[in-house]
Amino acid sequence: MQPDQGRAVLVGIMGRLAVGEQDALGELYQRTSAKLFGVCLRILNDREEAEDVLQDVYLTVWRRADRFDSERASPITWLATIARNRSIDRLRQIGRRGGERPMEAAADVADAGPDAFELMAASDDGRRLRECLGALDAPTQTSIASAFYGGITYEQLAERLRVPLGTIKSRIRRGLIKLRECLAQ
Amino acid sequence: MSDLRSEEVGEADRAAEYVLGVLGGAERRAAERQIERDPVFARAVDGWNARLAPFYEAIEPVEPPAGVWPRIAEELARMRRLERPGVSPAKPKGRRVSGIWQWIGLSGMGLAAASLAALIVVAGNLTDLGGMGGEQATPADFILAGTLASDNGQPLFTVVFYSEDDHDVATLIPVASPADGGRVPELWVVPPDGAAPRSLGLLHASQPVVLDVSNRQVVEPDAALAVSMEPAGGSPTGLPTGPVVAHGALRTP
């Protein structure tokens with residue numbers, strides 16, 4: 001997907017959705033479902049759950065399309081954010097049901113390191129975020145990336161990275177402050 | 001290690017933490033409520049969504065299975081069908097309420113349920129509700145739980161159903177009081193097949209209430225619940241007459 005090239009088209013589709021044009025949802029699905037399914041799958045790590053959430057995501061988009069504001073967010077970011085938030089909500093529900101999953105996903109956390117950042121360099125914003133993450137120490141980079149891609153709580157993060165809860169909290173909070181400063185420059 | 005100084009970094013940027021996704025379920029919902037009513041916080045969340053958006057670039061697209069879209073299209077068609085029939089322009093209020101009732105029944109099917117802030121409370125949480133300390137509640141005693149949320153997503157009641165000595169009991173814990181002077185909240189179960197809502201009894205706006213709902217066919221898979229505001233004493237007709245202030249789906253844990 002090439003976000004900038006597709007942006008105008010997606011904004012157009014979102015506008016049609018906002019006025020209740022049903023066909024627009026199919027077009028949106030064609031253009032964005034692979035990306036959003038990738039997001040759901042990344043967070044949930046389970047195809048069946050990801051399919052359920054994806055379905056819910058598009059119905060949510062249909063109902064909330066009138067809240068999309070192209071001045072405030074790019075359409076693909078808005079959509080990916082809904083997909084990720086819905087996935088995280090589902091993850092919280094699954095997590096409450098029992099602790100059967102945490103260790104299985106531990107390997108995934110390790111994958112979220114700097115290698116993944118290579119793919120971010122595709123856009124200017126991606127390059128900048130990558131540079132600013134690169135300015136953080138390695139444990140902080142890993143913690144922030146693991147949190148984003150894992151969609152997991154401070155507590156789970158501490159457990160999986162095998163560091164005390166207080167450490168992970170302060171590491172991430174401090175990292176986020178630095179990140180904001182760096183990105184503002 | 002520098003981490004020894006960690007306690008000094010106490011100031012949390014809630015918007016950043018919400019966007020990063022490190023908050024637990026209850027804190028997440030609190031943040032979502034804040035987004036709805038606090039424009040400054042909402043802008044901060046927008047800002048962090050934009051800052052971290054490039055992370056999505058590193059996620060490879062994956063083609064979803066062919067069966068997903070037909071399910072979405074079907075559900076969408078059903079939602080749209082329900083918007084149209086029986087619309088009487090002369091009674092916009094009545095239409096709106098009955099539309100919501102139909103829609104709640106529909107969402108009980110599970111497809112649109114997540115937008116209702118449906119919440120699964122598992123046995124461990126039931127333990128907390130019952131104030132039984134750290135001990136696990138017996139899962140067999142527990143049947144269904146959910147959150148009844150208003151249209152803007154704000155949770156109003158947490159509801160838990162369970163069986164006790166052969167009869168079904170519903171416990172409702174108010175989260176926030178629906179503001180409606182003089183009227184009382186009444187709980188309804190909405191069958192998934194579009195049948196008429198059935199009253200489960202009156203609630204208290206500020207206290208947990210335990211309702212004996214035996215013989216009222218509450219524990220029905222895919223049912224939904226809703227709360228409407230009714231005259232003192234409850235709905236005079238046996239069907240909801242007042243505005244719906246909360247609704248939510250039920251799920252088995």
Given points 7 Å out from each Cα along the Cα-Cβ axis, report the residue B:175 to residue B:77 separation in nanometres with one decimal.
3.4 nm
Cα extents of the stretch B:13-58 along the three principal axes, largest first, in whole Å?
31, 22, 15
Could you compute the FRET efficiency for residue B:196 and residue A:66, with r as their C-beta to C-beta distance and R0 at 30 Å, rounded to 0.05?
0.45
Can you work out the FRET efficiency for the pair residue A:16 and residue B:63, with r the C-beta to C-beta distance and R0 = 30 Å, to the nearest 0.05?
0.80
Starting with the fewest neighbours, write out A:178, A:169 ranked by other beta-carbon atoms found within 10 Å of each beta-carbon.
A:178, A:169
Assertion target for A:61, A:9, ordered by fewest C-beta neighbours within 10 angstrom first, is A:9, A:61
Below 10 angstrom from the Cβ of residue A:180, what's the summed charge of the other residues (Lys, Arg +1; Asp, Glu -1)?
0
Quick check: pseudo-label points 7 Å beyond the Cα along Cα→Cβ at residue A:23 and residue B:40, how many nm apart are they?
4.7 nm
All Cα pairs of the stretch A:1-101, percent lying beyond 21 Å:
33 percent
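Values quoted throughout were computed directly from the atomic coordinates according to the rules given, and no laboratory measurement underlies them. Everything numeric here is computed off the predicted structure, so don't read it as measured data. Because the Cβ atoms are built from the backbone with ideal geometry, glycine has one as well, and the counts that use them run over all protein chains shown.
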